[in-house]
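Everything below concerns the one structure shown next.
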Amino acid sequence: MNTTTATNKNLTAEEVQTILQAQRDYFASNATKDLTFRKKKLEQLKQMMIDHEVAIMDALHKDLRKHEFEAYATEVGFVLADINKALKNLKSWAKPRKVKTPPFHYVASSYTKSDPYGNVLIIAPWNYPVQLLLAPLVGAIVAGNTAILKPSEYALHTSNLLTKLVNETFDAQYIKMIEGAVPETELLLNEKFDFIFFTGSTNVGKIVYQAAAKQLTPVALELGGKSPCIVDTDIHLDYTAKRIVWGKFINVGQTCIAPDYLLVDQKIKDALVAKMKFYMKEFFGENPKDSEALGRIINEGHFDRLSTYLEHGDVIVGGQTDREEKYIAPTLMENVDLEKGIMQDEIFGPILPIIEYGNLRDAIDFVNSKSKPLALYIFSKNDKKIDRILDETSAGGVCINDTLMHMANGHLPFGGVGDSGIGAYHGKHSFDLFSHQKAVLHRSFLIEEPIRYAPYKFSLKIIKKIMDWAL
Ligand code: NAD
């Protein structure tokens, strides 16, 4: 049970409005746009993470029993790497980007200028409660915005700690963290922000999108879904099994891009399952419950939801549970009922259904019968098959012959498509996402062309010719 509570229960609309108005005034002062200021704030965020690394990892352990290796690699270290990249590249990212100017405009130059949106709202989930709150914040800072942060109410130790740290590190008029659950989020969503960055479920994403639409606020929605993993016969069996087991059971499967289900060529299924069982034992031992490397389910509600999935097919390995400890063993399943929750909803836990396919067409059709996923995994050495899957399916991102690792490449945009989200971030993509690309055409007073002005002495024929040539 979580013993902590959110620090600002009974938040009122007036309090939210006061904070937001202060942030609007601060943004209007132009202070946040200065590149040196942005760098300084990134440095402060970095120092905050470094100074409190141990406390942050401890809070993550309390909330999710995250092993320190996972806590560093996927949370603290991930954010630090994002900050370092932003510090290194801020100047070049912020430079105006020149574009061509057709001769018709002579004499002129054209460029896009990255403008901060202004006052940003960031809403985060509980599964990577540091990374998914602070990586978007890096984007907001580097692009020159102010921000209000709303962490998840489920990872309360982390939420309490980060709220304290963030609110001590930054002035409220610049960055303010507000804890709370649905009512507090609703209060925030009632206000007019200039940009909303939401990470969470598809269902809540729709609520956020509707609230944003009322104010015509642009959004990034980083949502979830069922990420398929297609396994061909032409693979390195050992690495395939190892990489799938790792990607599925890290953070006990509570990862938005975890492989949700396997689609395996029936010819290789038994061999793959045998290898996966081997690696599950290698990683988590004979009794995974005793393994320090395996975390826990966030709360009883999610534990109960996941437990019912164990009845939606046959357990190959795993299946043990302990509600008191919120423990579910890493589990492989087969013969799952495609109409039941396990194959209708995002699993978001340590249960991996394995579905066989006879030919690739069936596997592709199966993927396409579901909503567009956040991630899609392909294991194959056959380039033709890889290209076919890439061409014939849609997903936020694709990782070939590995799991999760596409997200760890900060040069790639990370985000969904369709039901799995709108907008993408990380590295420079975060800078772009949190900026409006202002189009600028800069003309000179050097010459004046008479063609466009009334009373339109030039014939339509001439203007057609000029436009044809010049645009
Ligand atoms: P969630 O949608 O329940 O909650 C996310 C945030 O929304 C929380 O801060 C919560 O307080 C708030 N919220 C919840 N209900 C609300 C409501 N009715 N009105 C307003 N705000 C509300 O998601 P979660 O359970 O915290 O996280 C799990 C989901 O997030 C999964 O679907 C997962 O795939 C997805 N996710 C996506 C990414 C990504 O990067 N695309 C990353 C992590 C998690």
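Here is how the numbers come out for the structure above:
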| quantity | calculated |
| --- | --- |
| Filter result for the condition that a residue is at pLDDT 85 or above and more than 44 Å from the chain's Cα centre (by Cα), over PRO413, PRO455 | PRO455 |
| Within segment 187-206, considering residues that are free of Cβ contacts under 8 Å to residues at least 12 places away in the same chain and of a type outside the set (S, T, N, Q), the one farthest from VAL16 (Cα to Cα) | LYS206 |
| Single residue of segment 264-288 satisfying the filter (outside any helix (DSSP H, G or I) and of a type in the set (Asp, Glu)) that is surrounded by the fewest Cβ atoms within 10 Å (Cβ to Cβ) | GLU286 |
| All positions within segment 259-281 that are free of Cβ contacts under 8 Å to residues at least 12 places away in the same chain and either among the β-branched types (Val, Ile, Thr) or under 19 Å from TYR327 (Cα atoms) (or both) | LYS281 |
| Candidates LYS465, LYS438, LYS372, LYS381 - the one that is more than 22 Å from TRP246 (Cβ to Cβ) and more than 26 Å from the chain's Cα centre (by Cα) | LYS465 |
| Test: ALA258 is within 24 Å of HIS429 (Cβ to Cβ) and more than 10 Å from the ligand (Cβ to nearest atom) | no |
| Unique match (being within 16 Å of the ligand (Cβ to nearest atom) and either more than 21 Å from the chain's Cα centre (by Cα) or crowded, with 18+ Cβ neighbours inside 10 Å (or both)) among GLY358, GLY319, GLY396 | GLY396 |
| Of the criteria (1) outside any loop (DSSP other than H, G, I, E, B); (2) within 14 Å of the ligand (Cβ to nearest atom); (3) crowded, with 21+ Cβ neighbours inside 10 Å, which one ILE141 fails | (2) |
| Test: residue in segment 188-198 that is among the β-branched types (Val, Ile, Thr), modelled with pLDDT of 95 or more and within 13 Å of the ligand (Cβ to nearest atom) | yes |
| TRP126, sole failed condition from (1) at pLDDT 95 or above; (2) over 16 Å from VAL204 (Cβ atoms); (3) surrounded by fewer than 24 Cβ atoms within 10 Å (Cβ to Cβ) | (2) |
| Some residue of segment 426-445 being over 27 Å from LYS33 (Cα atoms) and either among the basic types (Lys, Arg) or at pLDDT below 95 (or both) | no |
| Hits in segment 71-82 - residues which are buried (at least 20 other Cβ atoms within 10 Å of the Cβ) and either more than 22 Å from GLN437 (Cα to Cα) or over 19 Å from the mean Cα position of the chain (by Cα) (or both) | ALA71, THR74, GLU75, VAL76, PHE78, VAL79 |
| LEU162 vs. criteria more than 20 Å from the chain's Cα centre (by Cα) and not assigned by TED's automatic domain parsing to the domain that holds ASN401 | no |
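The values are calculated or read from the model by the stated rules, or taken from the named source; none is laboratory data. What you see is a predicted model, and the numbers here were worked out from it, not measured in a lab. Glycine also receives a Cβ, built like all others from the backbone with ideal geometry; neighbour counts cover every protein chain displayed.
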